[in-house]
Ligand code: ATP
Ligand code: MG
């Protein structure tokens, strides 16, 4: 099967300069190399791509040799990160054969690199499988990804049942792209999700952490949450979380912050998602005559322990979540003497934001208190 090729001259200003440099070096060394995935999808939709990934027929070692400031990442399918600053890198991946093709080859594990065409078919959705040839200014399309983008449709490459079995994380990716692109999910995808959502339970919590941050740190965060509830996927990520006015308020607030380029942290997300459950535990423990401090600590511990079985919370993150929770009481009932200490606390701002969102949703009785802290900062 030959791919469709469409000539499209993207405004060069929209394409990352460093990615173009990487392509140039690879081309000069006579390798095939293309921009691929999310960046082409987003450029076609006139959205700003988050990152520019490159796919090539050069092996990781060959790529590494061409770029002084590069490092190999991952073991089974090493990728190369080409560093342009402490935080900025371009990811270059060697064409890969899909799972099934590797399996057919039996033990041919070290021979898993593939051709461009094979690389297409190991990708998840047709909208994510377009390649861009910068030399010819052509989009290369093996899977009708171009029309899926134009028609706003999320379709799986291959049979969703098999592809979700291969990698259940694709189910939450489907929801992420459905919402991000305001697209329709292919009914085959929806029905496969309803049959297979439980497979998410087998994914290592560390991998789900990264995916969860991507799920909720975006401009349509609450819509993602609603879709995860509707599809039954939420309970495999946040078993202790139910919908509430507070969650809606907080997620919409996260989206607003992103729209205005303010910083966001996953600590805020987790503290919001687990707050209700933490509170219920806390109240139960207090009825058993535990001190406030003890009840607070124990409730936090239990809720966090349960959460990390599903989605990892790195240590720095769970520490921050506890701080936000602990400070709620202090912000609610603080003596005049301690006001300045609290404001000077490095966690004050986050805890204050949390209090404000509570007062605007589930705890209207805290409005005066929130207003008090707003005034203090002026
Ligand atoms: P975003 O704009 O959110 O970064 P993206 O499409 O670039 O979206 P990434 O997670 O950065 O998503 O992945 C890059 C590309 O790698 C995807 O476009 C897709 O082609 C492929 N990919 C990523 N994860 C998977 C997966 N679990 N299964 C198959 N293909 C995947
Ligand atoms: Mg990406």
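The values are calculated or read from the model by the stated rules, or taken from the named source; none is laboratory data. Computed from a predicted structure; not experimentally measured. Don't worry about glycine lacking a Cβ; one is built from the backbone with ideal geometry, like all the others, and counts go over all protein chains shown.
Quick notes on this one:
- Residues located in region 23-39, provided they are buried (at least 23 other Cβ atoms within 10 Å of the Cβ) and within 16 Å of ligand 1 (Cβ to nearest atom): 33, 34, 35, 36, 37, 39
- Under the condition of being at positive phi and touching a strand residue (DSSP E or B) at 6+ places or on another chain (Cβ under 7 Å), the residues counted in region 17-39 number 1.
- Qualifying residue in region 44-56 (condition: under 20 Å from residue 157 (Cβ atoms), within 16 Å of ligand 2 (Cβ to nearest atom) and free of Cβ contacts under 8 Å to residues at least 60 places away in the same chain): yes
- Yes/no for residue 42 being within 25 Å of the chain's Cα centre (by Cα), within 12 Å of residue 132 (Cα to Cα) and either more than 16 Å from ligand 1 (Cβ to nearest atom) or assigned by TED's automatic domain parsing to the domain that holds residue 115 (or both): no
- Members of region 45-74 that are surrounded by fewer than 14 Cβ atoms within 10 Å (Cβ to Cβ) and either within 17 Å of residue 17 (Cα to Cα) or within 16 Å of ligand 1 (Cβ to nearest atom) (or both): 46, 47, 48, 50, 69, 74
- When region 83-99 is filtered for residues that are out of contact with any helix residue (DSSP H, G or I) (no Cβ under 8 Å at 6 or more places or on another chain) and either in a loop (DSSP other than H, G, I, E, B) or at pLDDT below 95 (or both), the ones remaining, listed by number, are 85, 86, 87.
- Within region 57-76, being within 16 Å of ligand 2 (Cβ to nearest atom) and farther than 30 Å from residue 219 by Cβ holds for no residue.
- Residues that are farther than 30 Å from residue 376 by Cα and buried (at least 16 other Cβ atoms within 10 Å of the Cβ) within region 309-336 comprise 310, 311, 312, 313, listed in sequence order.
- Unique residue being modelled with pLDDT of 95 or more, assigned by TED's automatic domain parsing to the domain that holds residue 36 and within 20 Å of residue 27 (Cβ to Cβ) when the list is 143, 80: 80
- Selected residue (only one of 127, 120 is in a helix (DSSP H, G or I), assigned by TED's automatic domain parsing to the domain that holds residue 23 and within 16 Å of ligand 2 (Cβ to nearest atom)): 127
- Test: residue in region 136-145 that is more than 12 Å from ligand 1 (Cβ to nearest atom), part of a helix (DSSP H, G or I) and surrounded by fewer than 16 Cβ atoms within 10 Å (Cβ to Cβ): no
- Helices (runs of 4 or more DSSP H) enclosed by region 322-378 - at least 3 residues per element that are more than 24 Å from residue 303 (Cα to Cα) and in contact with a helix residue (DSSP H, G or I) (Cβ under 9 Å, 6 or more places away or on another chain): 339-344, 367-377
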